[in-house]
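In what follows, a structure is listed as structure tokens, so that the remarks can point back to it.
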Amino acid sequence: MVGIKAEPFAFPVRHDELALIVIDMQRDFAEPGGFGASLGNDVSRITRIVPDVKRLIQGFRNAGLPVIHTMECHRPDLSDLPPAKRDRGNPSLRIGDEGPMGRILISGEPGTAILAELAPVKGEIIIEKPGKGAFYATELGAVLRQKGISQLVFSGVTTEVCVQTTMREANDRGYECLLAEEATESYFPEFKAAAIAMIRAQGAIVGWTAHVDDILESIA
Ligand code: TIU
């Protein structure tokens, strides 16, 4: 078995147990007027990774490997939104408020949708999650068990928030995790760099990191 070229050492890939997770590539994080912008962030950084996320998704689709999309969002009645999350910081619009793309981070609203270029196709799983981690209060664990998945390639946003939180949740559950470097982004370049460094430090304490080209070559 030839592993995927990765840091801190080759990723011991088992193609029949591998899936791609695309974290929160939603308009709310990438477009003006959404949740990310309401927190004061420059959202233009996020759209720059769309081509790399797209070719990663396409590679998994071409290989017949599962692609799982997540969306950070809440129920319209806000019953899954802890007040501590709604009230955190000093956002110009809070979760549930009416914004230019509909209610901020609410399931089914236009702004909550996945970017059109990265939209899921028929048969792909979409996990709606109320937290930063994709395992908390979702069916993700059951879905992966049912599909016999034990290795996860990660992409999406933001690197140090929802992506890293989900990688840590997955790592503790026994999954081997590989982060696709060009297919993830943060509003803060220094946080992306730090997250990549801390994930693969100490002999892959949280997981591996690799370039999109090397991942695609392995599954081609
Ligand atoms: N604010 C921020 O960096 N991220 C989030 O709130 N959600 C995700 O990372 N998806």
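In the list ILE199, ILE219, ILE205, ILE125, which residue meets the criterion of being β-branched (Val, Ile, Thr) and in contact with a Pro (Cβ under 8 Å, 6 or more places away or on another chain)?
Sole residue among the options that is β-branched (Val, Ile, Thr) and in contact with a Pro (Cβ under 8 Å, 6 or more places away or on another chain): ILE125.
Among GLU176, GLU160, which is of a type in the set (Asp, Glu), out of contact with any strand residue (DSSP E or B) (no Cβ under 6 Å at 6 or more places or on another chain) and modelled with pLDDT of 95 or more?
Being of a type in the set (Asp, Glu), out of contact with any strand residue (DSSP E or B) (no Cβ under 6 Å at 6 or more places or on another chain) and modelled with pLDDT of 95 or more holds for just one of GLU176, GLU160, which is GLU160.
Give, as residue ranges, the helices (runs of 4 or more DSSP H) completely inside region 1-107 that count at least 3 residues that are away from the ligand (no atom under 14 Å from the Cβ), surrounded by 15 or more Cβ atoms within 10 Å (Cβ to Cβ) and among the hydrophobic types (A, V, I, L, M, F, W, C).
On the way: elements: 27-30, 35-38, 44-47, 50-63, 83-86.
Those helices (runs of 4 or more DSSP H) span 50-63.
Name the residues in region 180-203 that are out of contact with any helix residue (DSSP H, G or I) (no Cβ under 6 Å at 6 or more places or on another chain) and free of Cβ contacts under 8 Å to residues at least 40 places away in the same chain, would you?
GLU181, PHE188, GLU190, ALA193, ALA194, ILE196, ALA197, MET198, ILE199, GLN202
Can you tell which of GLY33, GLY108, GLY59, GLY96 is without any contact (Cβ under 8 Å) to a residue 24 or more places away in the chain and either over 20 Å from THR165 (Cβ atoms) or among the polar types (S, T, N, Q) (or both)?
On the way: GLY33 fails: without any contact (Cβ under 8 Å) to a residue 24 or more places away in the chain; GLY108 fails: without any contact (Cβ under 8 Å) to a residue 24 or more places away in the chain; GLY59 fails: without any contact (Cβ under 8 Å) to a residue 24 or more places away in the chain.
From the options GLY33, GLY108, GLY59, GLY96, the qualifying one is GLY96.
Right, ILE68: among the hydrophobic types (A, V, I, L, M, F, W, C), within 14 Å of the chain's Cα centre (by Cα) and under 30 Å from ARG145 (Cα atoms) or not?
Here the answer is yes, as ILE68 does meet what is asked.
Could you list, in sequence order, the residues of region 119-164 that are more than 24 Å from PRO76 (Cα to Cα), in contact with a Lys or Arg (Cβ under 9 Å, 6 or more places away or on another chain), more than 11 Å from the ligand (Cβ to nearest atom) and not in a loop (DSSP other than H, G, I, E, B)?
Of everything in region 119-164, those that are more than 24 Å from PRO76 (Cα to Cα), in contact with a Lys or Arg (Cβ under 9 Å, 6 or more places away or on another chain), more than 11 Å from the ligand (Cβ to nearest atom) and not in a loop (DSSP other than H, G, I, E, B) turn out to be GLY141, LEU144, GLN151.
Tell me, yes or no, whether region 193-200 has at least one residue that is at pLDDT 95 or above, surrounded by 15 or more Cβ atoms within 10 Å (Cβ to Cβ) and in contact with a Gly (Cβ under 8 Å, 6 or more places away or on another chain). Steps first, answer last, please.
Filtering region 193-200 for residues at pLDDT 95 or above gives 193-200.
The next check asks that each one be surrounded by 15 or more Cβ atoms within 10 Å (Cβ to Cβ); those that pass are 194-196, 199-200.
Filter once more, keeping what is in contact with a Gly (Cβ under 8 Å, 6 or more places away or on another chain): 199-200.
Scanning region 193-200 turns up at least one residue that is at pLDDT 95 or above, surrounded by 15 or more Cβ atoms within 10 Å (Cβ to Cβ) and in contact with a Gly (Cβ under 8 Å, 6 or more places away or on another chain).
The values are calculated or read from the model by the stated rules, or taken from the named source; none is laboratory data. Small disclaimer: the values here were computed from a predicted structure and weren't measured. Methodologically, a virtual Cβ is constructed for each residue, glycine included, from the backbone with ideal geometry; neighbour enumeration extends over all protein chains shown.
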